[in-house]
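Asks: Have a look at this one.
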2 protein chains.
Amino acid sequence: MTETTQAVLDAIVFNADGLVPAIAQQFDTGEVLMMAWMNAEAVTETLETGRVCYWSRSRGKLWRKGESSGQEQSLKDFRWDCDGDTLLLEVEQKGVACHTGRRNCFFNAVRDGEPAVIAEVEISPDDLYG
Amino acid sequence: MTETTQAVLDAIVFNADGLVPAIAQQFDTGEVLMMAWMNAEAVTETLETGRVCYWSRSRGKLWRKGESSGQEQSLKDFRWDCDGDTLLLEVEQKGVACHTGRRNCFFNAVRDGEPAVIAEVEISPDDLYG
């Protein structure tokens, strides 16, 4: 591990499960793509390879974003907040960020007083994971 | 509680502590301002008043953003993600979002191989909380 990585890890406040939430934002458009979790190993790999790697809580292992779908995220800037307990990743998203095939995961909102889907599927999940 | 609020609460997956992370994004510029937590009561108040209210984990009570500092957030759109376990709030931030007096909380990054502060203090915390 580099000294830079160690300094960043020292600044991050991981929760009781050893995790920290990471928001991914498309670096040039500002679109918020997704939120996922990282442990120290995922932070280290992300900083040292420049390819975003999360920790999958459901699978209990490192999740190299795009490893199944090809929809990788390249790291443009790695930021953390005033309390050190949330990360903001400026990324370049290849294709779509969401497993539903939508560009970002935040496609649910209220319209006309009811929950509604506000974004189109851009790539079929069958094509992403088939 | 309105039927709309109930439908949104039904769509949200709160964690074991009854909380869900909420990302606040400035609606017009795309700037990611902060991340905080909400419980069902905070979601309800936010939806029904249009003023963003979080749950303060440190103080163990509702946190009407800006109640001490005056730096309120008006809700422009309330979104949730594919899994229902993260919220994205499109807001209009009055003044600055961060308690340090910076516009947003994500002012730490790596520059020249070292952690660095990349945003200026816009309002003195003494003025915000004095």
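The values are calculated or read from the model by the stated rules, or taken from the named source; none is laboratory data. Everything numeric here is computed off the predicted structure, so don't read it as measured data. Backbone-built Cβ (ideal geometry, glycine too); neighbour counts: all protein chains shown. Side chains included, ligands, DNA and RNA excluded: accessible areas come from the protein's heavy atoms. Shrake-Rupley method; radii C 1.70, N 1.55, O 1.52, S 1.80 Å.
Asks: Can you list the GluC sites (Glu not before Pro) in segment A:79-130 that are in a DSSP coil and have 10 or fewer other beta carbons within 10 angstrom? List each step's numbers first, then the result.
Replies: Details: sites: A:90, A:92, A:120, A:122; in loops: A:120, A:122.
For GluC sites (Glu not before Pro) across segment A:79-130 that sit outside H, G, I, E and B with at most 10 neighbouring Cβ atoms in 10 Å, the list reads A:120.
Asks: Taking H as built 1.01 Å from N, whose amide H comes closer than 5 Å to the amide H of residue A:22, not counting residues under 5 places away?
Replies: Under 5 Å from the amide H of residue A:22 lie the amide H atoms of A:36, A:37, A:38, A:87, each far enough along the sequence or on another chain.
Asks: Read phi for every residue in segment B:20-27 and hand back ³J(HN,Hα) as whole Hz from Karplus 6.51 cos²θ - 1.76 cosθ + 1.60, θ = phi - 60°, with x for Gly and Pro.
Replies: 9, x, 10, 8, 9, 10, 4, 5
Asks: Note down the magnitude of the dipole of the protein assembly as shown about its Cα centre, charges +1 on Lys and Arg C-beta and -1 on Asp and Glu C-beta and zero elsewhere, to the nearest 20 debye. Write down the numbers at each step before the final one.
Replies: Working: 24 positive and 44 negative charges, 58 e Å.
Charge dipole, the protein assembly as shown, about its Cα centre: 280 debye, nearest 20.
Asks: Near the amide H of residue B:63, under 5 Å away, which other amide H atoms are found, from residues 5 or more places off or on another chain, if H is placed in the peptide plane?
Replies: Placed amide hydrogens put B:54, B:55, B:56 under 5 Å from residue B:63.
Asks: If you don't mind, another one. Please report, in debye to the nearest 20, how large the charge dipole of segment B:35-130 is about its Cα centre when each Lys and Arg carries +1 at its beta carbon and each Asp and Glu carries -1 there.
Replies: 220 debye
Asks: How far is residue B:9 from the same spot in each other copy, in nm, shortest first, if each label point sits 7 Å from Cα toward Cβ?
Replies: Once sorted, the set of distances for residue B:9 reads 4.3 nm.
Asks: Also, I was wondering about something else. So what are the ³J(HN,Hα) numbers for segment B:52-65, from phi and the Karplus equation (6.51, -1.76, 1.60; θ = phi - 60°), rounded to whole Hz, Gly and Pro as x?
Replies: Working through the residues one at a time gives 6, 10, 9, 10, 7, 5, 6, 9, x, 7, 4, 10, 7, 3 Hz.
Asks: Report in % the part of the accessible area of chain B that belongs to carbon and sulfur, leaving out ligands and nucleic acids; probe 1.4 Å. Mind dumping the intermediate values first?
Replies: Working: 2600 of 6010 Å².
That fraction is 43 percent.
Asks: Over the alpha carbons of segment A:66-130, what is the largest minus smallest coordinate on each principal axis, giving the biggest first in Å?
Replies: 36, 35, 15
Asks: Can you work out which chain B residue has the shortest Cβ-to-axis distance for the rotation that carries B onto A, and give it in Å?
Replies: B:30, 1
Asks: Right, another one. Based on a Kirkwood Rh over C-alpha pairs, give the Stokes-Einstein translational diffusion coefficient of chain A at 4 °C and viscosity 1.567 mPa s in µm²/s. Spell out each step's value before the answer.
Replies: Working: Rh = 15.5 Å.
Diffusion coefficient, whole number: 84 µm²/s.
Asks: If you filter segment A:47-77 for GluC sites (Glu not before Pro), then keep DSSP loop positions with at most 12 other Cβ within 10 Å, what is left?
Replies: Details: sites: A:48, A:67, A:72; in loops: A:67, A:72.
Here the sparse-neighbourhood loop sites are A:67.
Asks: Across segment A:123-130, in residue order, what do the Karplus-derived ³J(HN,Hα) couplings come to in whole Hz, using 6.51 cos²θ - 1.76 cosθ + 1.60 with θ = phi - 60° and x for Gly and Pro?
Replies: 9, 4, x, 4, 6, 6, 10, x
Asks: Which residues belonging to segment A:1-33 lose at least 40 Å² of 1.4 Å-probe accessible area when the assembly is complete, relative to their chain isolated?
Replies: Buried on complex formation: A:4, A:23, A:32.
Asks: Excluding same-chain residues fewer than 8 positions from residue A:76, which lysines have a Cα within less than 22 Å of its Cα?
Replies: Of all the lysines, those that pass the test against residue A:76 - Cα under 22 Å, at least 8 places apart if same chain - are A:65, A:94.
Asks: Can you compute the helix-only [θ] at 222 nm over the protein assembly as shown? Use -39500 (n - 2.57) per DSSP H run of at least 4 residues, normalise by all residues, nearest 500 deg cm²/dmol. It would help to have the intermediate numbers written out before the result.
Replies: Values: 6 runs with 48 residues, N = 260.
So the calculated ellipticity at 222 nm is -5000 deg cm²/dmol.
Asks: Just to confirm the filter: which trypsin sites (Lys or Arg not before Pro) across segment A:1-66 are DSSP coil and have at most 11 other Cβ within 10 angstrom of their Cβ? Spell out each step's value before the answer.
Replies: On the way: sites: A:51, A:57, A:59, A:61, A:64, A:65; in loops: A:57, A:59, A:65.
When the trypsin sites (Lys or Arg not before Pro) of segment A:1-66 are filtered for loop state and at most 11 Cβ neighbours within 10 Å, A:59 remain.
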